[in-house]
Amino acid sequence: MTKNILTTIFLLFFLIMPLATSAQMFSVGEERSRSSNPFSSYVRGGVSIVDFTYQGNPAAVPGNNRLSFSGTVAHFGYESNGLNLGLGFGSSFSGLDNRRFFNLDLNFTNPFYLIQKENFGAGIPIKLRTKVTSVRSDQVQEEFSQTDLSAGAGLIMRVNVPEKLGITTQIIPSIGFSSSSGGFLGGNIYSLAGSARLNFYNLIFGKNISLGYDYILDSYDIDGEQYDYDVSGHLITLGVSL
């Protein structure tokens, strides 16, 4: 299953990398006369509060055999011109008792602005995502391990104050498919992702500092009842431009 997961991630990466590169070249060319700050890449770190909740038939999975938990997860990320990579993990070190949580999220978002001015923009972002989510426990025989691929569209708004700061907010619902147990079981995933970024330009030693908030909801509807879980979380991050 690990081989299948890595293959999916690398295939998606090579598919979207040319799009990200083209978007970056276009942005730099279009804004050559302005500060390059709005197009900086960021590394991010932070924490999220995650709720992992069983949503299937209560009779199908006894309470003592469920992986449900609520707790804190560490997060690291990289963002560059619509290409985003996020890594989240938690265990006893982050306060998760008898649970081990891991996710790896790779996505590309391309906004189509219906309103585009120097200091304001609003439009429709298109998003393609693949994500690996795993929850394990020594006290529960079963494990939750899903690899999904989804796509969606939503709303985006940006405000830019040249040389000072920029604000970007967006919300994107999406739908896709997910597989588990080495691909023998599959089903649907419904997601809702919202984000906000407050970027301060040239704040410290010529670097941009970014405050970030993300909300994520992934709802899995897998064949049968065993893997019907919802993953929701509130993520706070601090980013530094590269």
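The values are calculated or read from the model by the stated rules, or taken from the named source; none is laboratory data. The shown structure was predicted, so the numbers you read here are calculated from the model rather than taken from an experiment. So basically every Cβ, Gly included, is an ideal-geometry build from the backbone, and we count neighbours across all protein chains shown. To get the accessible areas, we keep the full protein, side chains included, count just its heavy atoms, and leave off ligands, DNA and RNA. Shrake-Rupley method; radii C 1.70, N 1.55, O 1.52, S 1.80 Å.
A few comments on the model shown:
- Residue that is modelled with the highest pLDDT, among those in the stretch 81-99 that are of a type in the set (S, T, Y) and open to solvent by less than 50 Å² (accessible area, probe 1.4 Å): S91
- Subset of the stretch 198-211 (residues that are open to solvent by 30 Å² or more (accessible area, probe 1.4 Å) and either aromatic (F, W, Y) or in contact (Cβ under 8 Å) with a residue 40 or more places away in the chain (or both)): F200, N202, F205
- Among residues of the stretch 100-134 being under 14 Å from A74 (Cα atoms) and more than 14 Å from the chain's Cα centre (by Cα), the one that is least open to solvent (accessible area, probe 1.4 Å) is F101.
- When we screen D214, D221 for residues that are under 16 Å from S134 (Cα atoms), assigned to a strand (DSSP E or B), touching a residue at least 12 places away in the same chain (Cβ under 8 Å) and of a type in the set (D, E), the only hit is D221.
- Checking S195 against (1) polar (S, T, N, Q); (2) surrounded by 20 or more Cβ atoms within 10 Å (Cβ to Cβ); (3) in contact with an Asp or Glu (Cβ under 6 Å, 6 or more places away or on another chain); (4) closer than 25 Å to A59 by Cβ, the condition it does not meet: (4)
- Restricted to the stretch 30-52, and to residues there that are at pLDDT below 95 and open to solvent by 40 Å² or more (accessible area, probe 1.4 Å), the residue that is nearest to L211 (Cα to Cα) is P38.
- The stretch 212-236 - residue that is open to solvent by 30 Å² or more (accessible area, probe 1.4 Å) and hydrophobic (A, V, I, L, M, F, W, C) and, of those, nearest to the chain's Cα centre (by Cα): I216
- When the stretch 150-186 is filtered for residues that are touching a Phe, Trp or Tyr at 6+ places or on another chain (Cβ under 8 Å), touching a residue at least 60 places away in the same chain (Cβ under 8 Å) and buried (at least 16 other Cβ atoms within 10 Å of the Cβ), the ones remaining, listed by number, are N160, G166.
- In the stretch 182-200, the qualifying residues are those that are aromatic (F, W, Y) and farther than 21 Å from Y78 by Cα, and the one that is modelled with the lowest pLDDT is F184.
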